[in-house]
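Below: the structure, in structure tokens.
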Amino acid sequence: MTDHCGKTTDLPLHADEAEGLLRSVLKPLLFASSDDFHHLKTIKSIEPFMRSFVSKASVLFPGGACAGLLASFKAQMDGFDSCDDEARTTRLKNAIEIIDRLMKALPGVLPVVSDDSANKPQNLKASIAALGTPVERVKGVGPKLGEMLRRKGISTVEDLLYFVPARYEDRSSLKRIKELVTGESASVSGEILAMGEVRYGRRKVYEIVVGSEGQMLKLKWFHYRESYMKLRFKAGQRLIIYGTVSAYGAQKEIIHPDIETLDDSADAAVTEGIVPVYSQVETIHPKTMRKIMKNCVDAYAGYALGAVSESVIKSYGLMTVYSAFKEAHLPTGEGMAELARKSLAFDELFILETGLAIKRQGVRKEPGIEFRPDGTLEVRLRALFPYKLTGAQERVLAEIKADMTSAHPMNRLVQGDVGSGKTIVSLIAALSAVESGYQAAIMAPTEILAEQHYLTIHSYAESLGIRASLLTASVKTAARKSALALIKNGEVDLIVGTHALIQKDVEFKRLGLAVVDEQHRFGVVQRASLKKKGFGPAPDMLIMTATPIPRTLSMTVFGDLEVSIIDELPPGRKPIYTKVIRESERQKAYEVIRKELKEGHQCYIVYPLVDESEELSLKDATTMKEHLQKDVFADSRLGLLHGRLSGPEKEQVMRDFKERRLDILVATTVLEVGVDVPNASVILIEHAERFGLAQLHQLRGRVGRGERRSICLLLAQWSNSDDTLKRLKVMEATNDGFKIAEEDLLIRGPGDFLGTRQSGLPEFRSASLLTDLSLLKNARHEAMILLAKDPGLNHDGSLFLRHLLNARWADRLELAEIG
Ligand code: ADP
Ligand code: MG
């Protein structure tokens with residue numbers, strides 16, 4: 001391999017070590033350059049650090065052009081600290097460029113080439129016009145097929161190019177009938193020997209028998225139209241058949257196969273070698289689809305717009321978007337199609353990551369509030385709080401304070417597993433705001449939770465001489481009116497509430513900090529509405545979640561937020577013993593509950609929310625509560641909690657449970673978030689199979705909050721054929737919210753994982769949030785490097801990127817038009 005340094009011998013001797021060293025120096029450089037060089041001012045002295053880097057690096061990069069690069073790096077850094085801002089900006093850009101080149105010269109990474117010259121204004125215009133061509137104009141499409149494609153969401157040439165094959169068939173390795181193995185999917189060819197409708201008892205089945213080399217294979221359809229079958233297939237026709245092989249006695253067969261007919265020899269051209277198979281668009285024949293695609297690629301792929309520069313593409317061993325479209329639709333060899341997909345995915349992810357970085361940059365440029373708390377309230381609160389904060393709580397708190405005392409608005413997501421102690425952290429943050437003369441608002445997703453927060457906060461606030469108030473939907477007329485007036489006049493400091501906080505008539509005098517608790521229950525819009533309640537400067541936002549968010553999602557959906565993680569539980573917490581049980585073990589479960597109750601502990605029994613409607617679960621919970629009270633736990637006191645209760649009713653039930661006037665709380669999923677009763681030691685979840693894992697984890701987190709080793713029983717129904725049991729077993733295996741979230745994401749996919757309330761999920765055409773984590777990390781890295789060099793995306797090389805960013809993400813990310 002040769003690299004831009006010239007000879008192979010220039011390569012550093014210890015690549016891993018070299019990479020680590022380069023990354024260690026890149027980090028502060030990127031920090032200094034981030035937000036359009038905003039942080040440059042905060043950096044006082046980096047020369048000593050850079051000198052020590054250069055001396056270490058000169059050992060690892062001995063001689064050759066790499067040493068030359070290192071020398072010019074040194075030149076950028078010599079005297080850096082005493083330069084003015086402008087010179088420092090230029091030097092910083094150069095320095096980052098040099099380090100990036102050195103990184104790309106490391107083994108395993110391909111050589112850096114000069115930037116592409118294709119990225120020119122005149123090309124941009126032509127490209128946009130070509131890619132926007134209506135799909136009907138592609139050769140072979142026309143009005144009729146055009147309609148069908150449009151119904152599938154494909155209306156332009158660009159849409160068509162991104163309609164990549166669902167799979168590929170290697171026709172050069174077509175199986176022979178005798179080679180077929182039951183249970184495996186395969187492609188096979190044969191000639192139609194006989195066909196027609198056959199009766200099996202009452203059931204009608206359409207069958208085609210194909211043969212080759214004296215072997216026979218049966219194809220069967222249970223759903224078909226006879227007229228269509230007769231029209232499509234003729235005896236003597238040659239077929240290419242794809243499907244899963246099964247056996248009926250000794251006869252091999254394929255049920256509902258994918259079929260392609262080979263009518264004439266001309267077809268051989270498009271049906272040999274590796275053949276793309278598109279997901280079916282209405283009645284468009286697979287062969288027609290392939291021809292259309294070939295025409296489209298031939299005529300238009302050359303106009304494809306890629307956002308990533310050629311040098312970056314090469315450094316990751318990927319293809320240009322142009323080649324990727326060609327290889328995706330007409331692969332020239334093994335592995336090319338996957339490489340093409342990855343290349344398209346990288347391009348998509350890079351655009352998104354650039355947009356997110358720009359958004360973070362924009363947020364930080366908004367005028368914010370520099371809080372100046374003197375810390376007395378915090379000291380007094382800590383004295384009242386019965387525990388010492390954990391190391392993780394302290395660390396996250398320090399991150400929050402750093403944001404709050406800086407001039408730009410905070411936009412921070414705190415992730416902490418259930419029970420990790422997020423409330424106290426947010427409360428200390430709120431006190432800092434109050435002490436600095438601002439109001440703080442805490443928004444929770446349910447009344448129960450808001451009321452619980454309010455109770456906790458209220459008791460502290462009183463001792464600290466702070467005015468707190470509660471605003472929920474069940475705070476009615478007169479009380480609401482006076483609360484609104486207090487908030488507007490600045491006569492309360494700390495306001496706890498639900499969605500009621502973002503109603504139109506709520507006005508704050510000086511909102512400084514907005515906390516959103518259990519953010520997964522809110523949508524992006526609601527977060528934004530709370531933020532808009534500021535009085536001028538944007539309030540600091542602190543967003544908390546107990547649903548651990550897998551990396552791919554936090555880097556995309558929440559990519560505009562800084563992330564803090566409370567990755568430690570308060571001491572003494574024991575893992576919750578979890579068991580999946582069947583209906584037949586119900587009595588045993590009741591025994592377990594009785595035993596816990598006897599020892600003075602309390603219990604939850606939970607019913608699922610079905611289809612977002614509470615009707616059914618309400619019925620379940622209500623009837624079961626009566627039954628349990630009468631027939632099972634006659635000596636215990638049972639309470640019922642569900643969403644239809646009024647605010648005060650709910651509060652009453654919760655308080656009764658908290659203060660041990662109830663032994664068992666029968667509840668719907670309103671229990672899910674935040675409820676905190678340390679004496680509860682067992683939770684029984686009915687119909688556990690209907691819950692997502694993340695939600696089960698949340699529910700389970702209602703116990704295990706005290707000293708006692710707690711128990712979670714998941715009562716479920718499953719059959720051997722589904723994967724319910726396997727899924728629920730994850731709960732038995734781990735108490736780690738992150739692991740559970742990753743599993744849940746894999747099982748349910750990103751959309752369901754985030755739930756319908758989250759509208760922030762980006763739609764990708766090639767990238768997958770399940771498998772592309774490393775592509776995503778690289779895309780993020782490259783986006784940051786690019787913005788360091790070209791913060792306003794003004795260079796010619798950023799032209800396509802800017803266009804694509806505006807076209808694809810500007811609305812979604814609420815970016816003001818770029819450029
Ligand atoms: P979550 O992160 O799920 O919102 P909470 O803030 O409700 O967790 O805290 C869970 C429980 O842990 C509460 O009873 C709280 O008082 C307690 N707690 C919080 N921090 C600590 C700590 N550092 N040490 C011991 N207990 C703590
Ligand atoms: Mg909480």
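The values are calculated or read from the model by the stated rules, or taken from the named source; none is laboratory data. All of these numbers come straight from a predicted model, not from anything done at the bench. For neighbour counting, all protein chains shown are included, and Cβ atoms are generated from backbone atoms with ideal geometry for every residue, glycine included.
Only a single item in (1) more than 16 Å from ligand 2 (Cβ to nearest atom); (2) surrounded by fewer than 20 Cβ atoms within 10 Å (Cβ to Cβ) is not met by M410, and it is number (2).
For residues that are in a loop (DSSP other than H, G, I, E, B) and of a type in the set (A, V, I, L, M), scanning just the range 672-708, find the one that is farthest from ligand 2 (Cβ to nearest atom). Checked the range 672-708; the qualifying residue farthest from ligand 2 (Cβ to nearest atom) is V703. Here A392 clears all of (1) within 16 Å of ligand 2 (Cβ to nearest atom); (2) within 26 Å of R510 (Cβ to Cβ); (3) not hydroxyl-bearing (S, T, Y) except the condition numbered (2).
Applying the set (1) modelled with pLDDT under 85; (2) assigned to a helix (DSSP H, G or I); (3) under 25 Å from T320 (Cβ atoms) to V112 leaves exactly one unmet item: (2). Residues that are in contact with a Ser or Thr (Cβ under 7 Å, 6 or more places away or on another chain) and buried (at least 21 other Cβ atoms within 10 Å of the Cβ) within the range 77-97 comprise L92, I96, listed in sequence order. Has the range 627-636 got at least one residue that is within 16 Å of ligand 1 (Cβ to nearest atom) and modelled with pLDDT of 90 or more? No, that holds for no residue.
In the range 413-435, the residues that are more than 15 Å from F385 (Cα to Cα) and among the charged types (D, E, K, R) form Cβ pairs under 7 Å with partners that are near ligand 1 (Cβ under 10 Å from one of its atoms) and part of a loop (DSSP other than H, G, I, E, B), at six or more places apart or across chains, as follows: D417/A546; D417/L569.
Counting only residues that are touching a strand residue (DSSP E or B) at 6+ places or on another chain (Cβ under 9 Å) and buried (at least 23 other Cβ atoms within 10 Å of the Cβ), the range 303-335 holds 2 of them. Listed here are the strands (runs of 3 or more DSSP E) enclosed by the range 213-270 that have at least 3 residues being surrounded by fewer than 17 Cβ atoms within 10 Å (Cβ to Cβ), out of contact with any Cys (no Cβ under 8 Å at 6 or more places or on another chain) and modelled with pLDDT of 85 or more: 238-248.
May I ask you to verify whether R708 is in contact (Cβ under 8 Å) with a residue 24 or more places away in the chain, surrounded by 17 or more Cβ atoms within 10 Å (Cβ to Cβ) and in contact with a His (Cβ under 8 Å, 6 or more places away or on another chain)? Yes.
Residue by residue, here is whether (1) among the β-branched types (V, I, T); (2) within 39 Å of the chain's Cα centre (by Cα) holds:
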position: A129; (1), (2): no, yes
position: D159; (1), (2): no, yes
position: P165; (1), (2): no, yes
position: T182; (1), (2): yes, yes
position: G201; (1), (2): no, no
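Quick one: in the range 478-522, which of the residues that are within 16 Å of ligand 2 (Cβ to nearest atom) and not in a strand (DSSP E or B) is farthest from the chain's Cα centre (by Cα)? My answer is T498. The single condition among (1) within 16 Å of ligand 1 (Cβ to nearest atom); (2) crowded, with 22+ Cβ neighbours inside 10 Å that I593 does not meet is (1).
To keep it simple, each residue is scored yes or no on (1) modelled with pLDDT of 85 or more; (2) among the hydrophobic types (A, V, I, L, M, F, W, C); (3) loosely packed, with under 15 Cβ neighbours inside 10 Å.
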{"position": "S759", "(1), (2), (3)": "no, no, yes"}
{"position": "L769", "(1), (2), (3)": "no, yes, no"}
{"position": "L773", "(1), (2), (3)": "no, yes, yes"}
{"position": "N778", "(1), (2), (3)": "yes, no, no"}
{"position": "H781", "(1), (2), (3)": "yes, no, no"}
{"position": "M784", "(1), (2), (3)": "yes, yes, no"}
{"position": "L787", "(1), (2), (3)": "yes, yes, no"}
{"position": "R802", "(1), (2), (3)": "yes, no, no"}
{"position": "W809", "(1), (2), (3)": "no, yes, no"}
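If you go through the range 666-684 and pick out every residue that is within 13 Å of ligand 1 (Cβ to nearest atom), of a type in the set (G, A, S) and modelled with pLDDT of 90 or more, you end up with 1.
Across the range 526-581, which residue is surrounded by the fewest Cβ atoms within 10 Å (Cβ to Cβ) among those that are among the charged types (D, E, K, R) and within 16 Å of ligand 1 (Cβ to nearest atom)? I'd like the intermediate steps shown before the answer.
Kept after step one, since they are among the charged types (D, E, K, R), are these residues of the range 526-581: 527, 531-533, 540, 551, 560, 562, 567-568, 573-574, 579.
Filter again for within 16 Å of ligand 1 (Cβ to nearest atom), leaving 567-568, 573-574.
Details: D567: 18, E568: 18, R573: 17, K574: 13.
Out of the qualifying residues, it is K574.
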